[in-house]
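The next block holds one structure in the form of structure tokens; read it before the comments.
The values are calculated or read from the model by the stated rules, or taken from the named source; none is laboratory data. Since we're looking at a predicted model, the values are computed, not measured. Here the Cβ positions follow ideal geometry from the backbone for every residue, glycine too, while neighbour counts run over all protein chains shown. For accessibility, only protein heavy atoms count, side chains too; no ligands or nucleic acids. Shrake-Rupley method; radii C 1.70, N 1.55, O 1.52, S 1.80 Å.
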Amino acid sequence: VFAPPEAVFGCLPDGMKQVLLDTAKEFGHVAILNARRPRGTGARASYHYQCRAVDFRVRGVPIATVYAYLRQHPGVGGRKIYPFGFFHIDDGPS
């Protein structure tokens, strides 16, 4: 069961929440690292400032497998793989 803290998950748009729920259903536990960030942390036009992006990890599944899944998910616009095996997704343009 995927039950992230509402403080982290609650601000995300429904489409982004659905991506995380679908990813958890497909692969198992999804660990959210952050969604909303305060201004001045990260890129100047970050979707995190508007809570339209999330960084997360899926353990026990090859990174390439999860990334391929995210590339095909209709709710994902931008995506990135960060070092140490965590993902960034947002609802911006592809």
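If the requirement is being open to solvent by less than 30 Å² (accessible area, probe 1.4 Å) and either farther than 17 Å from D91 by Cβ or modelled with pLDDT under 85 (or both), which of these qualifies: F27, F9? Steps first, please.
Details: F27 fails: open to solvent by less than 30 Å² (accessible area, probe 1.4 Å).
Sole residue among the options that is open to solvent by less than 30 Å² (accessible area, probe 1.4 Å) and either farther than 17 Å from D91 by Cβ or modelled with pLDDT under 85 (or both): F9.
Yes/no matrix, rows are residues, columns are (1) at pLDDT 85 or above; (2) over 15 Å from F87 (Cβ atoms); (3) in a helix (DSSP H, G or I):
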| site | (1), (2), (3) |
| --- | --- |
| L20 | yes, no, yes |
| T23 | yes, no, yes |
| L33 | yes, no, no |
| G40 | no, yes, no |
| A45 | no, yes, no |
| Y67 | yes, no, yes |
